[in-house]
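The values are calculated or read from the model by the stated rules, or taken from the named source; none is laboratory data. All values reported here derive from a predicted model rather than from experimental measurement. Using ideal geometry, Cβ is built from the backbone for each residue, glycine included, and neighbour counts are taken over all protein chains shown. For the accessible areas, the whole protein counts, side chains as well, though only heavy atoms, and no ligand, DNA or RNA atoms are used. Shrake-Rupley method; radii C 1.70, N 1.55, O 1.52, S 1.80 Å.
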Amino acid sequence: MDILLRSVAELFYTEILCDPYANKAMIVRRVILNSRVGKNGNPVAENFRVEEVNLPDNINEGQLQVRTLYLSVDPYMHCRMNEDTGSDYITRWQLYQVVVGGGVGIIEESKHTNFTKGDFVTSFYWPRQTKVILDGNNLQKVDPQLVDGHLSYFLGAVGMPGLTSLIGIQGKDHVTAGSNQTMVASGAAGACGSLAGQMNQISHIVLCGQISQYNKDVPYPLPLTPAIEAIRKERNITRERFLVLYKDKFESGILQLSQWFKEGKLKIKETMINGLENMGAVFQSMMTGGNIGKQTVCISEETSL
């Protein structure tokens with residue numbers, strides 16, 4: 001009997017040690033890059049794949065465990081799908097690895113002195129996962145009151161696209177109040193274009209991004225035809241690249257955008273789809289004009305712990 005009991009105990013002990021869930025690791029879902037789109041290819045949903053992975057049950061000093069609420073879907077991500085991104089400031093995504101981009105979430109556990117449980121945070125380098133462990137030094141705390149609780153706006157009108165519109169129009173000194181100018185937004189239905197036209201009731205031409213050309217193997221910015229180039233020179237029209245990398249203006253810009261929103265001066269358009277599993281289809285749709293305003297994906301709407 002003693003031998004039998006000992007054998008059963010040893011078997012039970014062995015099963016627990018070999019049980020993959022015995023360490024209480026949390027299973028989360030994530031989106032990985034399943035295939036590259038190619039320089040002249042159009043992104044399709046199958047370029048991405050959802051899989052399940054284990055999230056460690058503990059975090060290190062300086063880290064946070066965060067539940068993802070909203071994820072951003074942006075045209076520039078097309079560049080990251082290829083080996084050669086075409087830009088020295090954009091790194092490529094790795095095949096079969098989790099893809100990253102803008103995200104907003106709520107902290108479930110913190111070992112960082114600047115953040116506490118229940119804080120809302122955002123980052124440009126958010127893994128496409130239902131829950132993530134992040135370095136607190138790469139996160140920015142956000143205040144839901146600035147957007148009347150619409151946390152996804154921090155990925156759009158009160159985030160990077162809004163800053164792009166604000167800095168591009170006002171910060172680059174191309175627009176002068178009271179002058180006789182005409183402003184044209186070539187992609188006025190998108191995340192930036194839907195905001196840019198609201199920021200001045202004066203005239204000017206602003207070009208930011210060329211999403212219609214992202215699926216083609218052409219240089220950026222797209223060269224002008226000889227006839228258009230002749231007109232540009234004749235009329236002394238300037239043309240330059242613009243990147244929203246002015247971090248010193250982020251805080252003041254966010255406060256300005258949120259103030260205009262709360263005053264009703266900034267009308268925000270947003271296209272939101274639910275579910276991490278729809279990330280690939282949403283990206284494909286966005287790249288063919290399927291969105292009005294900012295395109296986001298809702299991962300979790302529960303903003304309380």
Can you tell me which residue in segment 19-40 is nearest to the chain's Cα centre (by Cα), limited to those that are open to solvent by 30 Å² or more (accessible area, probe 1.4 Å) and at pLDDT below 75? 39
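So that you can scan it fast, the table gives a plain yes or no per residue for (1) at pLDDT 95 or above; (2) among the aliphatic types (A, V, I, L, M):
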| position | (1), (2) |
| --- | --- |
| 106 | yes, yes |
| 112 | yes, no |
| 121 | yes, yes |
| 127 | yes, no |
| 130 | yes, no |
| 135 | yes, no |
| 157 | no, yes |
| 165 | no, no |
Being farther than 20 Å from residue 138 by Cα and out of contact with any helix residue (DSSP H, G or I) (no Cβ under 9 Å at 6 or more places or on another chain) is the filter here; which residues of segment 48-75 pass it? 51, 52, 53, 54, 57
Could you list, in sequence order, all residues of segment 260-305 that are among the charged types (D, E, K, R) and crowded, with 17+ Cβ neighbours inside 10 Å? 270, 294
Against the definition (under 20 Å from residue 73 (Cβ atoms), out of contact with any Pro (no Cβ under 9 Å at 6 or more places or on another chain), modelled with pLDDT of 80 or more and open to solvent by 60 Å² or more (accessible area, probe 1.4 Å)), how does residue 145 come out, yes or no? no
Among the residues in segment 76-98, are any open to solvent by less than 50 Å² (accessible area, probe 1.4 Å), out of contact with any Gly (no Cβ under 7 Å at 6 or more places or on another chain), assigned to a strand (DSSP E or B) and within 27 Å of residue 151 (Cα to Cα)? yes
Name every residue in segment 121-146 that is assigned to a strand (DSSP E or B), within 22 Å of residue 254 (Cα to Cα) and not hydrophobic (A, V, I, L, M, F, W, C), in order of residue number. 122, 123, 125, 140, 141
Qualifying positions in segment 133-156 - over 15 Å from the mean Cα position of the chain (by Cα) and either of a type in the set (Lys, Arg) or farther than 24 Å from residue 195 by Cα (or both): 133, 134, 135, 136, 137, 141
Just to be sure, is residue 10 of a type in the set (D, E, K, R) and modelled with pLDDT of 90 or more? no
Extreme residue, farthest from residue 128 (Cα to Cα), among residues of segment 41-67 that are part of a loop (DSSP other than H, G, I, E, B) and open to solvent by less than 30 Å² (accessible area, probe 1.4 Å): 41
Please enumerate the residues belonging to segment 272-303 that are under 12 Å from residue 70 (Cβ atoms), in contact with a Gly (Cβ under 9 Å, 6 or more places away or on another chain) and not aliphatic (A, V, I, L, M). 294, 295, 296, 298, 300, 303
Screening 149, 118 for residues that are part of a loop (DSSP other than H, G, I, E, B) and farther than 27 Å from residue 285 by Cβ leaves only 118
Do you know which residues across segment 41-54 are touching a Ser or Thr at 6+ places or on another chain (Cβ under 8 Å) and at pLDDT 95 or above? 46, 47
